[in-house]
Amino acid sequence: MLAGQRILLVIGGGIAAYKSLDLIRKLRARGATVTPVLTAAAEEFVTALSVASLAGEKVYRALFDLTDEAEMGHIQLSRAADLVVVAPATADLLAKMAQGLANDLASTLLLATDKPVLVAPAMNVRMWLHPATQRNVMTLQKDGIGFVGPLDGDMACGEVGPGRMAEPLAIVEAIAAALGAGPLAGRRVLVTSGPTHEPIDPVRYIANRSSGAQGSAIARALAALGAEVVFVTGPALAARPRGVTVIEVETAREMAAAVAEAMPVDAAIFAAAVADWRVTKAKGQKIKKDVKGSLPQLQFAENPDILARTAQMKKGRPDLVVGFAAETDDVVKNAAAKRLRKGCDWIIANDVRPETGIMGGQENAVTVITETGVDVWPRMDKERVAAKLAEKIAACLRGDQ
Ligand code: C5P
């Protein structure tokens, strides 16, 4: 998968540095060569000896190391790779990169390189959420730096939230995608996500509890496998995935138009919780409640079924159309019937009874219904469901299933 690719790996000083040892192993197992660079802080967490042994390469450490300069100057080192990866990327390293500082070997290489750069941030939740770090992240994104992670979850410091470094396998996939080598490279995939808002009047609307977390995670996982992703989202809470084309819509009809516009695609994943009905004549002014005893009468019209429309396209239908079925009873039976009714290839069914905590929660328990059978996946975090689904989509488009 990465045969012959040269990765310059900058290891920053954070507890997640231990995961970079596994990252080196995984990259080498896929045929890449890894040239490691350790910051001074990184040496507090991992030793140059273990990094060198796993990489099978010399470890670069200090800017003014004359032996290194004699062998390979720092400018040359920064350009001899196909991709520069920073893992873990600490708050300090991100700040240096955003400011263009060059006061040690790692930051100098990052400033001098003319190669694409991918960073895997890892830090305490508060540090990640701090406006200064978020400002730096935005600057770096504008500069074209790629990001993988951070993930939400328990951290070594005991806090919970975003800041955990992406798992080595996810970083490998992001590296493959950045190098145009992912299994979905050259594929265009559409993902719908989030709720839709159907206006009643300028201030009121009909909506549902979808957070958009599962749809965002799916878009991120597909992009990590190298797909070109068009992400059409309603007004969802979830952070928008990076490295994808994001199209923000509000109503079902806007979502339908954006989906039609995005065609043709190789696969379309409909994770949005689209409102089934809209108010026929949304008022241009706020409906007053001051008329005694009179309640507003709302008339409803059915929204376009975007999934069914796409699945039943006569010309230019995506090779794979995947729908979701959020059910509260007879989950598999209802979902299997829905697959046939809509004409899609797969249905991902989930039980959204409030006691499951799935809608709006971090975890999901899904059942994948295809033409050939019913596959019950164990309950896992939405990121993992997304990664597993992305792998299955890649295998299907490759013709493996
Ligand atoms: O019919 P139901 O809403 O249960 O179907 C759910 C599936 O259909 C989801 O994949 C959802 O994204 C899609 N859908 C749609 N347009 C609608 C309603 C549902 O694309 N108007």
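Quick look at the numbers
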| item | result |
| --- | --- |
| Cα-Cα over 32 Å, subset of Lys26/Lys338; Lys281/Lys342; Lys26/Lys333; Lys333/Lys382; Lys58/Lys388 | Lys26/Lys338; Lys26/Lys333; Lys58/Lys388 |
| Computed E for Arg398/Thr280 - FRET, C-beta separation, R0 51 angstrom, nearest 0.05 | 0.65 |
| With all protein chains modelled, accessible area of Phe300 [1.4 Å, Å²] | 110 |
| Volume of the Cα convex hull of the chain, divided per residue and given in Å³ | 169 |
| Most mobile of Met138, Met263, Met97 in a GNM of the chain (Cα contacts under 10 Å) | Met138 |
| Highest-fluctuation residue, Glu159, Glu167, Glu363 considered, GNM on the chain with Cα pairs under 10 Å | Glu159 |
| Long-range amide H partners of Gln5 with built H, under 5 Å | Thr33 |
| Dipole of the chain [Lys/Arg +1, Asp/Glu -1 at C-beta], most positive-end residue of Phe147, Tyr205, Val332 | Tyr205 |
| Charge tally in the Cβ shell below 13 Å around Gly31, where Lys, Arg are +1 and Asp, Glu are -1, Gly31 excluded | +4 |
| Accessible area (Å², per residue) of the chain, counting only protein heavy atoms and a probe of 1.4 Å | 48 |
| Hz values of 3J(HN,Hα) by residue in the stretch 269-278 - Karplus curve (6.51, -1.76, 1.60), Gly and Pro given as x | 10, 9, 9, 5, 9, 6, 5, 6, 10, 10 |
| Relative contact order, percent, the stretch 6-178 [alpha-carbon distance under 8 Å, six or more residues apart] | 23 |
| Portion, in percent, of the accessible area of the chain that falls on carbon or sulfur, probe 1.4 Å | 53 |
| Under 12 Å, Cβ to Cβ, from Gly360 - net charge with Lys/Arg +1 and Asp/Glu -1 | +1 |
| For the chain, calculated [θ]222 nm from helices alone, where every DSSP H run of n ≥ 4 adds -39500 (n - 2.57) | -10000 deg cm²/dmol |
| Average silhouette area of the stretch 6-178, convex hull of alpha-carbon atoms, in square nanometres | 8.9 |
| Potential extension, Ala207-Lys58 segment - 0.36 nm per residue separation minus Cα distance | 47.9 nm |
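The values are calculated or read from the model by the stated rules, or taken from the named source; none is laboratory data. Every value quoted in this text rests on a predicted model; they were computed, and no experiment measured them. Here the Cβ is made from the backbone with ideal geometry for all residues, glycine too, and neighbour counts use every protein chain on show. Remember, those area values only see protein heavy atoms, side chains included, never the ligands or the DNA or RNA. Shrake-Rupley method; radii C 1.70, N 1.55, O 1.52, S 1.80 Å.
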